[in-house]
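Structure record follows, encoded as structure tokens.
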Ligand SMILES: Cc1cc2nc3c(=O)[nH]c(=O)nc-3n(C[C@H](O)[C@H](O)[C@H](O)COP(=O)(O)OP(=O)(O)OC[C@H]3O[C@@H](n4cnc5c(N)ncnc54)[C@H](O)[C@@H]3O)c2cc1C
């Protein structure tokens, strides 16, 4: 089968949903291709249904939040509860950080992170400032699918891109796993590991970069294949009786992880229970050895981890393991070298010092590496992502909008948040549609026109938020708050 479309988006994670929605709303014919059986990517298949605090997420992520709010118990905002770095007198100990649903905070409160302070140093600041969003993955996938349908985008799930052909710096067609071929005027690679770009031999990078490569102060002297660690998310639900769930045969109770089990980020979920994000389940060193067995080994570690949580923290004996994500969450894979590579120097300079004229999204998560060689460094202010990070070097009609965009490993450790990826998708989809309308290649879209188009979509490109945008967001949120249907919290 041969399919002709205007814009083909590959990968329906946060980036792909943002890209397909933006392009289809601008009037382009859009085909969104996803290899898994459902859309949503890491946020759904790996169960990462938490949006940590971040600046800039005022466009499509905000719309998704409002649409989720129309469904009962689909979404909520959270604040810090108990935390091993911020103990309060008389509190029961917790196996890591607890995030509790907090009806007193709203979406606007989640649009902020900046600050050099750590949780330990300034607990009052952290409790007052850091709030996030938590949603139910199935509701998120349904809402995104409805929005894509309303925008007129065609979505095909259960089909992977398995090859592509390029000529004269343009991708001409992609081949799908069901044998069909897709021709399009522009392609947006949202695969999370740059699979489409790699298929046409774009330059890619993986692992940690040497200090010399990008002049990053905190990079190691030598490059290394190390990546951010992987985590298998699980969910626990309340139960009536106290019980430590027995370990299945063959799963040892001992810790596989250094001297003690990893701590957990436990987020109260809108429909009850906690989403358990055990910080590393597997190290990069293990990925190659475990290969296709990675998820099974992570599943065994989840069982051992949960057993330990129940043994050590009695309150969890009133919970049961209810779900383990079907996919292991990979924070970092291969990345594509673009016309510009975002580096630690951008993160340290911040929006006020970067001096780029083509910023199409802002972000501000800490530099945050999990596992070996890991650590967390906060930033002084939000920073911007230039449009050139979405343009694979040397290609004319392809954009890359996902955690595989053109970031150094250190920049990726900060930039990868789901809402930031959605913003990159929104910018890529908008740019591809503008290129189509103007009869030009995506890479030739003028940055100032793209930024204006994004501003019209209420995307925040300045820091702090303008009064006008803040008021508009607050008004929208007030209406949605009044109509909300959550019943549990
Ligand atoms: C354990 C963990 C915890 C995290 N915690 C948070 C958090 O608390 N808050 C936050 O904001 N972010 C968090 N993140 C980061 C964030 O979730 C991800 O970076 C983000 O969701 C990535 O979105 P994406 O669109 O770039 O990629 P993905 O969501 O991975 O989407 C890529 C999609 O492409 C598809 N695909 C791949 N190859 C092909 C192909 N050849 N053909 C067709 N389709 C293909 C995949 O199936 C997938 O659906 C976390 C990540 C992990 C792993």
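The values are calculated or read from the model by the stated rules, or taken from the named source; none is laboratory data. The model shown is predicted, which means the values in this text are computed figures rather than measured ones. Note that we place each Cβ from the backbone using ideal geometry, even for glycine, and neighbour counts take in every protein chain shown.
Tabulated data for the structure shown
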| item | result |
| --- | --- |
| Some residue of region 60-81 being away from the ligand (no atom under 13 Å from the Cβ) and within 16 Å of the chain's Cα centre (by Cα) | yes |
| Lone unmet requirement of (1) at pLDDT 95 or above; (2) buried (at least 22 other Cβ atoms within 10 Å of the Cβ) for residue 282 | (1) |
| Selection count, region 463-489, where residues are free of Cβ contacts under 8 Å to residues at least 40 places away in the same chain and either part of a loop (DSSP other than H, G, I, E, B) or within 25 Å of residue 351 (Cβ to Cβ) (or both) | 6 |
| Extreme residue, nearest to the ligand (Cβ to nearest atom), among residues of region 222-243 that are farther than 26 Å from residue 408 by Cβ and touching a strand residue (DSSP E or B) at 6+ places or on another chain (Cβ under 7 Å) | 233 |
| Some residue of region 405-416 being touching a strand residue (DSSP E or B) at 6+ places or on another chain (Cβ under 6 Å), more than 16 Å from the ligand (Cβ to nearest atom), within 23 Å of residue 451 (Cβ to Cβ) and at pLDDT 95 or above | no |
| Given (1) more than 16 Å from the ligand (Cβ to nearest atom); (2) surrounded by fewer than 24 Cβ atoms within 10 Å (Cβ to Cβ); (3) at negative phi, index of the condition residue 375 fails | (3) |
| Within region 90-116, tally of residues that are closer than 17 Å to residue 362 by Cα and at pLDDT below 95 | 4 |
| Condition check for residue 56: surrounded by fewer than 24 Cβ atoms within 10 Å (Cβ to Cβ), at pLDDT 95 or above, more than 9 Å from the ligand (Cβ to nearest atom) and part of a loop (DSSP other than H, G, I, E, B) | no |
| Restricting region 1-42 to residues that are away from the ligand (no atom under 13 Å from the Cβ), modelled with pLDDT of 95 or more and in a loop (DSSP other than H, G, I, E, B), the residue that is farthest from residue 58 (Cα to Cα) | 29 |
| Any chance residue 212 is surrounded by fewer than 20 Cβ atoms within 10 Å (Cβ to Cβ), without any contact (Cβ under 8 Å) to a residue 24 or more places away in the chain, part of a helix (DSSP H, G or I) and over 24 Å from the mean Cα position of the chain (by Cα) | yes |
| Residues that are at negative phi and outside any loop (DSSP other than H, G, I, E, B), drawn from region 79-101 | 79, 80, 81, 82, 83, 97, 98, 99, 100, 101 |
